[in-house]
Amino acid sequence: PDEKYFKGHLPCEVDQSNSAFQHIALMMGNEELQIESNMYGDEYRDLYIGVADAIDIDGAGPQETRKIVKKVAVPWSYGASNRTCGDALRDYRDENPDKAPYLNTLDDDHVMALAIRVVNRLRTRFRPCVDYSDRVKRAVSRIREAGHEVVSWDTPFGFIIHQRVHRTRRE
């Protein structure tokens with residue numbers, strides 16, 4: 001009433017586990033992915049360990065294998081290319097030599113090959129994420145074909161977002 005206060009609607013940062021997977025699960029209406037990414041259910045699931053258990057990496061212990069999967073899965077879940085996922089894994093190796101003994105035995109080409117192996121497993125295991133990414137790519141293509149360079153939308157908080165359509169390098 002005294003105009004000292006106002007009601008705001010700003011988003012707050014919250015650290016969530018597997019948040020990109022959770023958002024995709026909701027947008028795609030995929031109950032299995034919702035459970036896998038801890039949106040509900042009676043038990044906690046570690047999405048990264050689930051993938052790491054399916055990838056046999058001779059010489060890497062379970063914790064390093066989980067970290068390898070996570071370092072690839074996070075950028076991948078947001079739509080990153082194989083190259084970007086490989087770069088994330090290489091950067092982790094270079095910045096954390098004491099935490100990545102197995103990765104330290106690999107040269108850059110082998111790190112990239114490992115990242116692609118993890119991406120292929122993610123693509124197989126999380127098909128709703130692949131389908132979502134394909135839908136986004138088709139939408140961007142339609143925008144480009146229409147001659148637009150900007151995508152705009154309203155957020156649930158009432159903000160209007162304008163995102164320039166970026167081009168990526170071919171792999």
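The values are calculated or read from the model by the stated rules, or taken from the named source; none is laboratory data. Source: prediction; values computed, not measured. Heads up, the Cβs are rebuilt from the backbone with ideal geometry, glycines too, and the neighbour counts pull from every protein chain shown. For accessibility, only protein heavy atoms count, side chains too; no ligands or nucleic acids. Shrake-Rupley method; radii C 1.70, N 1.55, O 1.52, S 1.80 Å.
Within the set Asp109, Asp94, Asp131, Asp98, the sole residue that is acidic (Asp, Glu) and at pLDDT below 95 turns out to be Asp98. Can you find a residue that is in contact (Cβ under 8 Å) with a residue 60 or more places away in the chain, surrounded by 13 or more Cβ atoms within 10 Å (Cβ to Cβ) and closer than 25 Å to Glu32 by Cα anywhere in the stretch 104-116? There is no residue in the stretch 104-116 that is in contact (Cβ under 8 Å) with a residue 60 or more places away in the chain, surrounded by 13 or more Cβ atoms within 10 Å (Cβ to Cβ) and closer than 25 Å to Glu32 by Cα. Would you confirm whether or not the stretch 38-47 contains a residue that is closer than 13 Å to Pro101 by Cα, part of a helix (DSSP H, G or I) and open to solvent by less than 100 Å² (accessible area, probe 1.4 Å)? No, the stretch 38-47 has no match at all. For the structure I just gave you, tell me whether Pro11 is open to solvent by 70 Å² or more (accessible area, probe 1.4 Å) and at pLDDT 90 or above. For Pro11, the condition - open to solvent by 70 Å² or more (accessible area, probe 1.4 Å) and at pLDDT 90 or above - is not met.
State whether the residues of the stretch 60-81 include one that is surrounded by fewer than 16 Cβ atoms within 10 Å (Cβ to Cβ) and at pLDDT 95 or above. No: the stretch 60-81 contains no residue that is surrounded by fewer than 16 Cβ atoms within 10 Å (Cβ to Cβ) and at pLDDT 95 or above. His23 meets the conditions (1) open to solvent by 100 Å² or more (accessible area, probe 1.4 Å); (2) at pLDDT 90 or above in every case but one. The failed one is (1).
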